[in-house]
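Presented below is the structure to which this report refers.
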Amino acid sequence: MSATRVDGPVAPKRSWVRRAGERLIARPGRSSVLPLAAVVIGLALAALGMFRGAPAPLTEVPAGYVALVNQKGILLSDFISQVETATMKRFDEATPEEKSRVLRSMIDEELLVQRALVLDLPETTIEVREAMQQGVEAQVAEPYWALPPSDAELRAYYDKTRSEYTNDGTMTVHDLVMHVGGFQNANQSTPQALSDAAEAVYRLRSGASVDYVKEHYGFVDSNRLPAIEELDFVVKMRLGEKLFEVASALGNGDISDPVIEDDGVHVLVMDVRRPASVADFTSVRDKVYQAYRRAQGERATAENVKLLRSQAQIILAPGEEE
Amino acid sequence: MLVVAGGIAYAHEVRQERWRARLVSTLPGDVADDPALVAFARAEAPPIYAKHCAACHGADMRGNPEIGAPNLVDNVWLYGDGGVFEIERTILYGIRTGNSKSRSVTDMPAFGQRGVLSDADIHSVVQYLLKLSGRPYQVEAANEGRRIYTGNANCGDCHAGDARGDSYYGAPNLTVNVWNSGGSPEDLYKAIYFGEHHTMQAWFGTLSLFEIRALAVYLHVVSHEPAAAVRATLAARTAP
């Protein structure tokens, strides 16, 4: 056995990986080897990507799914949830038959949804279009609803929309009529009736009762309106525009001047008048809150549509305008 | 060199893919019982959490009362029972996303703003909540608060008659002194006055099923650890 003479300090033992690396680095052409290798690998990968066809259809159900229906997966999580909802049992307590039944119904549902897309139901069926529209609106509105209004914002909204909180006015009014010119067998002329009516109005304003003027001047109830408290719009509908306008100007206990209509001379006796008024904020704050929230949703929809329009290509036919 | 490195990386990726598939295809209720899967999920989930969840729930996972983002490590769950399946459902479909699979049965009404409760009523209910959660309270106001809770405010409809909440509605348990939007009397007043309507995005489609499952397992495990530690401590104390 011969001893090997070593001059100087003993060199540490190096691994083959390090030695190979050092050899590679020590080569004169090292500066071009690594980039060249990278370029070749990159080109090979790109070529592979370019010439590879469409991905092959799945033949096995991927992890996390329970079924593939025309390549569309049914999530395991959705399946568990549906089994628990349908059977009212924990998933591990449901029988295999129950699970099979649920899976079958989920597959059927998926098939019908896919068929609906083939039939282009969003294009042809109003209910589907509405459901889709509402679904998108609900999604864009949620972040807005997460922002509750401050009291000041709610108050400002009320001030801006206070006409929305107008209470309907009501009135209890007698509509007396003196028929003329053969109407209801009446034989007096319109000037005669007006003269009598003016006198009757004078009596009423002096304190005479409605029954008194009916008895002494030939007035009768017009029967257009019962003498009970009615909302303004009901009175308007029953009496007509002209008499309603007269009635609206009367206060509690007021008697109108005679009013000529086709059927004779009318006199209105206002028992009680409660004019329309704007409800104060406190009494309608819940309505204001609800309206504010609705407006938030509408604003979200409007902004979403604006965004979609900015990204869409919309071409109108000649002569058409939005 | 490159071939060897590529081969090692490829082998590693194949192995990881097998683990991912196994994690995702295991029934959610069974994952927590498989230590190997739990270990895998725990190793994979933190970067996903840091990238997608920490902005709201905090890097320390302790939530953010400013935005109503819950603490994820206290094992008190707004929705579901804290099991992997329920956590996964929340991550998949989110909370109040407008998606009908999301958690969106109801939300906390703005009792003050809508004029359902007066300021005095709300003050009383706050005192009752302080009592329920084991903190100092004003006795008379708390008694009045209890009447309001069960009376015209109908709080029990969502939070239950015993105030222990209902995780189906996402109505918090009011007896455990855990408050997603802050628990000071002022915070409680605001929650009742303005209501609560917090949202969480649906992650299905953004994250892979594997990422969602890994997060669900991770959250389930870390949220149960403190409780497990407490149970272990109690067991040790009561051991003969």
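Values in this text are rule-based calculations from the coordinates and carry no lab data. These numbers were taken from a predicted model, which means no experiment stands behind them. As a convention, Cβ positions derive from the backbone with ideal geometry for all residues, glycine included, and neighbour counts pool all protein chains shown.
Local charge sum around residue B:115 (other residues, Cβ-Cβ under 13 Å, Lys/Arg +1, Asp/Glu -1)? Write down the numbers at each step before the final one.
Values: positive: A:155, A:285, A:287, B:114; negative: A:151, A:280, A:286, B:119, B:121.
Net of charged neighbours comes to -1.
List every residue whose amide H lies under 5 Å from the amide H of residue B:196, counting only residues 5 or more places away in sequence or on a different chain, with H placed 1.01 Å from N in the peptide plane.
B:108
List every residue whose amide H lies under 5 Å from the amide H of residue A:167, counting only residues 5 or more places away in sequence or on a different chain, with H placed 1.01 Å from N in the peptide plane.
The list, which skips near neighbours in sequence, is A:277, A:278, A:279.
Only Cα pairs under 8 Å and at least 6 apart count here; give the relative contact order of the stretch A:169-275 as a rounded whole percent. Could the numbers behind the result be given before it?
Numbers: 181 pairs, mean separation 49.2, N = 107.
Normalised by residue count, the contact order of the stretch A:169-275 is 46 percent.
For residue B:131, which lysines qualify as cross-link partners when the Cα separation must be under 28 Å and same-chain residues fewer than eight apart are set aside?
Of all the lysines, those that pass the test against residue B:131 - Cα under 28 Å, at least 8 places apart if same chain - are B:190.
I'd like the distance between the alpha-carbon centres of the stretch A:143-205 and the stretch B:58-107, rounded to an integer number of Å.
Taking the Cα centre of each part, the stretch A:143-205 and the stretch B:58-107 sit 55 Å apart.
For the ranges B:146-154, B:9-17, what's the packing order if you count other beta-carbon atoms within 10 Å of each residue, average per peptide, and put the highest first? Present the calculation step by step, with values, prior to reporting the outcome.
Values: B:146-154: 16.1, B:9-17: 10.6.
Sorting B:146-154, B:9-17 by mean packing, highest first, produces B:146-154, B:9-17.
Any chance you could check the Cα centroid distance between the stretch A:78-110 and the stretch A:238-307 for me, in angstrom?
If we compute the Cα centre of each part, the gap is 55 Å.
Taking θ as phi - 60°, what are the ³J(HN,Hα) couplings along the stretch B:136-143 by the Karplus curve (6.51, -1.76, 1.60), each to the nearest whole Hz, with x for Gly and Pro?
Taking θ as phi minus 60°, the curve returns x, 8, 8, 4, 5, 5, 5, 4 Hz for the stretch B:136-143.
Can you pull a Stokes-Einstein diffusion coefficient for the protein assembly as shown at 20 °C (1.002 mPa s), Rh from Kirkwood over Cα pairs, as a whole number of µm²/s? Before the final figure, lay out each step's value.
Numbers: Rh = 32.1 Å.
Diffusion coefficient, whole number: 67 µm²/s.
Give me the net charge of residue B:102's neighbourhood, meaning all other residues with Cβ under 11 Å from the Cβ of residue B:102; Lys, Arg count +1, Asp, Glu -1.
Here the charged neighbours net out to +3.
Normalised by the residues of the stretch B:59-120, what does the relative contact order come to in percent, with Cα pairs under 8 Å and at least six apart?
Working: 41 pairs, mean separation 8.6, N = 62.
Result for the stretch B:59-120 is 14 percent.
In deg cm²/dmol, rounded to 500, what helix-only [θ] at 222 nm does chain B give when every DSSP H run of at least 4 residues adds -39500 (n - 2.57) and the total is split over its residues? Don't jump to the answer; show the numbers that get you there.
On the way: 10 runs with 130 residues, N = 240.
Estimated from H runs of four or more residues: -17000 deg cm²/dmol.
What does the charge count around residue A:201 come to, taking other residues whose C-beta lies under 15 Å from its C-beta (Lys +1, Arg +1, Asp -1, Glu -1)?
Details: positive: A:203, A:205, A:214; negative: A:175, A:196, A:199, A:254, A:257.
Once positives and negatives cancel, what remains is -2.
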